[in-house]
C-alpha cells in the first residue's frame, strides 16, 4: 500500500472516511490497540494546543506508540521553502532538511501551523504543511492549519452517534460574533464534511465577505452535488435555521479583510445578534448543535443552548481522540 | 468508592494520610506498580517546575501510566470562571469546558497554579484549582497553588524516617529572609502537617504581619487541639528554637502587604538575622532541619547547617516522588 | 564498574569509542533493546533543539526507558555554582541541589547548555555541564555545550559506513560563511574525532582568529600524533581541498572577538567564498562531504554538493540516534 498523508478530507473518499469513523467507534468502546507498538509519532505544534495535544498524545499511547511533542518556544525557527534558495536571510534551515531528518527518527508526523492573518493569499498556500507533505518519508497528519480535518471527522462521528445516517439532513454552519477575527479552518472543514456525508449544507453569515475560500466552497459544492444536494449561502437567520437538523457555530474573520482588520471589526460588531440562542433554535427541527471549542459562552452561544441535551460539543471533543486513532491506524497501514 | 480529589491535607484524616505515607515507604523500597497501567495523568503547569514535574512524571511512569505535560507558554490562556458569564472580554474559554474535556481524555489531573501576589483576597480564592475540583470528572491533585500538600506529605515522611513517631515533637516553622516576597503555600502546608501529625507547632516570624492566612492557622489550631497540642506564634528566636526537635525553614511575603511590596521589603531586609545557623541550632534538642528547595544557601540557611547530617532536605525532595505515587494510588482506587 | 559521564570524547579511548560505534551499527540494524527498561533519563535543554531532542527521546524509548524533557521557559532559572556562595543575588538555587535532586529521580541526565557568546574566557568554563558532572550521582551526557561529542560520534560512524577504516584519510574541517557568529562546539568536536580516529586533519579557516580553543587544538594534536598524523592549519583553500577524502563544513565565530562582534562580522563578510561548491570539491579525491545541520543552503554549501551522492549529512543526522543509544548503553553499564 503506498504511503498516504491525512492533510484534508478532500483527499479521501467518503467510504474511506466512513471506515475511519467506524473504526473510531470501535476504539471508543475498546480504547487499546497495538498498531503503533514500538513506533514514534512526532507532533509539531507551532501554536498552542490543549485538546489536540492531549487527544493525540493519549491516543498514540493507547495504540502502543510514543509521542514526541515538539513545540519550539518562540514559534518555528525560520525555514526556507523554495528550491534553490540562497539562504542568507533569516532562515536557518531548509524545510527539506528538517522534515527529512524527522522522517529518519519517527514513523509519523503531525503538524499544527496556523495562518498569520495578514495576507490570505500567502496563508492559503499552507506552506509549512505542504513542505511536510512534500518532503516527509512518513505519513503526515494535519493537526490544524487552514483546515482542520481531524475536527470535522470528530464532528461527523458525533452527528452519526446522535442522528444515525446523515444523508439529506439540513446542516447549518452559522458564523457567530467573536471580538477577534479567527481562523477559517474549522469553518472550511465543517462545510466540507457536511457536503461529503450527504447533508444539505447552508452557510449562514453576515455578508458575502464571510464566504469561505473558493477552494473549499467548490469542494463542498462538488461533494454536495455528488450526493444530490446543494450548498446554500444565506444571510437570513430565519431562513437558515428553519427546519435545520444540525446547527454548527463558528466565528471567523472575513477573507477580503485579512491584514486590514479595523473595518472588518465594525462589520463583526454589527452582527452580535448571530449568537445561537433558544429563539433561533426554536425555528429548527429540534436540531443538534455543536461547536469545536474553545467557545465564548453567551457570545457565540447562550448557556441555555450549550448546556441543553441537544448540544454535542463535549462528545465531539472526546471523539477527536477516537477518530485520530482511527486515522493513525489507517496511515500506519 | 466515591471519587476524591487531593487538594489539601485538611480534607483527609490523619489515618488516611498515614496510610499514604506507609504506602510511599513501600514504593521507596520497591518503586514499580501497575495501578496506573494504561491510564493517563495530565499535569498542568501554569508555573515552572523542576522537582514537581520530574517526580510526578517519573512516578506515573513507575506505576505503568503515561503523563501528559501541559505547560501553556505564556501561562494559562484566559479562562472564565463564573457561571453565566458573558464571555466578551479576555477569556476565550470557560473553565468548565477546559476541565470537562480534559476529563474525557485523562484519568487524573494535576494542577500547579501560583498566586498572582497582587491581592491576597483574590489569590486566596484559588480559582483555578477550585474550578478543576468543581468540574473534573476525574481526580484532581494540587501540585502547589496556595498550599502544597504533596510537599508536606514528603516532609512528614522524611521526619518519620528520621524521628519515628512524631507526636509531641516540637516543630518550629521559621520564616527566613529572602530578597523577594514568596508564596505562602509551603508555610501553610508545613504548619498544617505538623499539627495534623501531633507535633507541637511553633510559627516563628518577624511580626504579626507574617502570620499565615486565618484559614490555615485555624486548621492547624483545630488539628493541634485534637492531638492535645497548641499552635504557638513567636517572634522570639531564642524561645522558638529552644528544645526544638524539627526546624523547618521557609520565606514568604507578608499577607497584609500583597501588591504593596516596597514597605514590606524594608521589614524583610531588617530580619536577615532569621537565617538558620549553627548558633541557633545549638539551642535545639539536636533538631532535624529541612527546607522544601530551591533554597538560597547562606541566606536562608548556612552551609554548615544545610550540609550537616541533621538536614533531610534531599530526602524530603526524594520523598516527593514516593508520596505522590501513594497519593495517585489512593485516588485511582 | 565505576560510574562514568559522557562529557567529551577526549575522556574515552579510541577502542571504547569504536566499541560504541560498533554497538550503534547493531542498533541501526535492530533498533530495540532493554538496557533502560524501567529507567528514566532526564534531558535538560537550556537551548532549543529539534534533532537532539527527538533522537534522544526516540532512542530512550527504543531502549525501554522514559525520557523526561526539561526545558525551562525563559532559559535556566539562575543557579549559583561556587561553594560557599552567599546567595543574596539572582541565583535562586545552587547547582548542587538541582543536580542532586534530579539524581534522586532519574537514572541518567543529558544536558544542553550553549555558551553566551559574550566572553569566551567565561564560556570555556562550561559551568553548567561541569556542575552536573561534579554533583550528579548518575551518568551525565553532553548534548552540546562548547563541544558536541554525540555529533562527532555520529559523524565518525557515517564516515566509516562510507569509507571503511579511516586511518590516514585526509579530513578537512572547513570554516564557512554564516551571517551570524556561531558556536565552536561542532568544530571542536569534528577536529578531535578526526584526530582520534587516525585521520590527517586540516583546519581550513580565513585567518588565525578562527583557530579553535587551544584546549581542543592540543587534544587533536596529541591524538593525531599518537596515530602518526599531524594537525595542519591552513588559510589556503586550494591547498586544503587538494586530495581531501572528507570535507566537513561548519561556521563559527572567532574566539578573540567574542562579545565584540561588529569587527568580526567584517572579516566574515569578506570570506563568503569559503562556501563548499563543486569547483572546490573537484580538487578533492572524490571526497565525502557533510555538515551537522541545520545548514544554510547555497551559503555554506551549494545545492549541487549537498544533494550529491557524496553528501552524508542525513546519514550523520540519523546516526545521532544510533550512537546515542550506544552511549547510553555504555553508561548504563
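Regarding region B:33-42, can at least one residue be identified that is at the interface with another protein chain (Cβ under 10 Å from one of its Cβ atoms) and within 24 Å of the chain's Cα centre (by Cα)?
Yes, region B:33-42 has at least one match.
Going by the structure shown, is residue A:28 surrounded by fewer than 15 Cβ atoms within 10 Å (Cβ to Cβ), over 30 Å from residue A:218 (Cβ atoms) and in contact with a helix residue (DSSP H, G or I) (Cβ under 6 Å, 6 or more places away or on another chain)?
no
Looking only at region A:1-20, how many residues end up being more than 19 Å from residue A:144 (Cα to Cα) and either at pLDDT 95 or above or surrounded by 16 or more Cβ atoms within 10 Å (Cβ to Cβ) (or both)?
Here the count works out to 7.
Identify the single condition in (1) within 28 Å of the chain's Cα centre (by Cα); (2) farther than 25 Å from residue C:52 by Cβ; (3) at the interface with another protein chain (Cβ under 9 Å from one of its Cβ atoms); (4) assigned to a loop (DSSP other than H, G, I, E, B) that residue A:72 does not satisfy, given that it satisfies every other one.
Tallying (1) within 28 Å of the chain's Cα centre (by Cα); (2) farther than 25 Å from residue C:52 by Cβ; (3) at the interface with another protein chain (Cβ under 9 Å from one of its Cβ atoms); (4) assigned to a loop (DSSP other than H, G, I, E, B), residue A:72 fails exactly one: (2).
Going through region A:261-293 one residue at a time, which ones are surrounded by 19 or more Cβ atoms within 10 Å (Cβ to Cβ) and closer than 30 Å to residue A:25 by Cβ?
Result: A:276, A:281, A:284, A:287, A:288, A:289, A:290, A:291, A:292, A:293.
Any residue at all in region A:146-159 that's more than 9 Å from chain C (Cβ to nearest Cβ) and out of contact with any helix residue (DSSP H, G or I) (no Cβ under 6 Å at 6 or more places or on another chain)?
yes
Can you say whether residue C:128 is assigned by TED's automatic domain parsing to the domain that holds residue C:21 and in a helix (DSSP H, G or I), as far as the supplied structure shows?
yes
Mind checking which helices (runs of 4 or more DSSP H) fall wholly inside region B:216-333 and carry at least 1 residues that are within 14 Å of chain C (Cβ to nearest Cβ)?
Those helices (runs of 4 or more DSSP H) span B:261-269, B:303-306, B:313-332.
List the number of the failed condition for residue C:122; all other conditions in (1) without any contact (Cβ under 8 Å) to a residue 60 or more places away in the chain; (2) outside any helix (DSSP H, G or I) hold.
(2)
Checking residue A:90 against (1) within 10 Å of chain C (Cβ to nearest Cβ); (2) buried (at least 22 other Cβ atoms within 10 Å of the Cβ); (3) under 25 Å from residue A:124 (Cβ atoms); (4) touching a residue at least 12 places away in the same chain (Cβ under 8 Å), which single condition isn't satisfied?
That leaves (2) as the condition not met.
I'm trying to understand the selection: among the residues of region C:27-54, which are free of Cβ contacts under 8 Å to residues at least 24 places away in the same chain, farther than 28 Å from residue C:128 by Cα and part of a helix (DSSP H, G or I)?
Scanning region C:27-54 gives a single hit, C:29.
Please give the number of the condition residue B:100 fails out of (1) modelled with pLDDT of 95 or more; (2) crowded, with 21+ Cβ neighbours inside 10 Å.
(2)
This table checks each residue for (1) at pLDDT 95 or above; (2) farther than 13 Å from residue A:249 by Cα; (3) assigned by TED's automatic domain parsing to the domain that holds residue A:260; (4) surrounded by fewer than 24 Cβ atoms within 10 Å (Cβ to Cβ).
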position: A:171; (1), (2), (3), (4): yes, no, yes, no
position: A:178; (1), (2), (3), (4): yes, no, yes, yes
position: A:190; (1), (2), (3), (4): yes, no, yes, no
position: A:194; (1), (2), (3), (4): yes, yes, yes, no
position: A:199; (1), (2), (3), (4): yes, yes, yes, no
position: A:207; (1), (2), (3), (4): yes, yes, yes, yes
position: A:210; (1), (2), (3), (4): yes, yes, yes, no
position: A:217; (1), (2), (3), (4): yes, yes, yes, yes
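I'd like the residue in region A:101-119 that is without any contact (Cβ under 8 Å) to a residue 60 or more places away in the chain and over 18 Å from residue A:7 (Cα atoms) and, out of all such residues, is farthest from the other protein chains (Cβ to nearest Cβ).
Ranking the candidates gives A:116 first.
Would you mention how many residues in region B:71-87 are in contact (Cβ under 8 Å) with a residue 12 or more places away in the chain and surrounded by fewer than 20 Cβ atoms within 10 Å (Cβ to Cβ)?
Number satisfying all stated conditions: 7.
Within region B:55-68, how many residues are touching a strand residue (DSSP E or B) at 6+ places or on another chain (Cβ under 8 Å) and not in a helix (DSSP H, G or I)?
So the count comes out to 4.
Quick one: is residue C:99 within 21 Å of residue C:136 (Cα to Cα), touching a helix residue (DSSP H, G or I) at 6+ places or on another chain (Cβ under 6 Å) and not in a helix (DSSP H, G or I)?
no
The values are calculated or read from the model by the stated rules, or taken from the named source; none is laboratory data. Note that the coordinates shown come from a computational prediction; the quantities given were computed from them, not determined experimentally. All Cβ positions, even for glycine, are placed from backbone atoms using ideal geometry, and neighbour counts span all protein chains on display.
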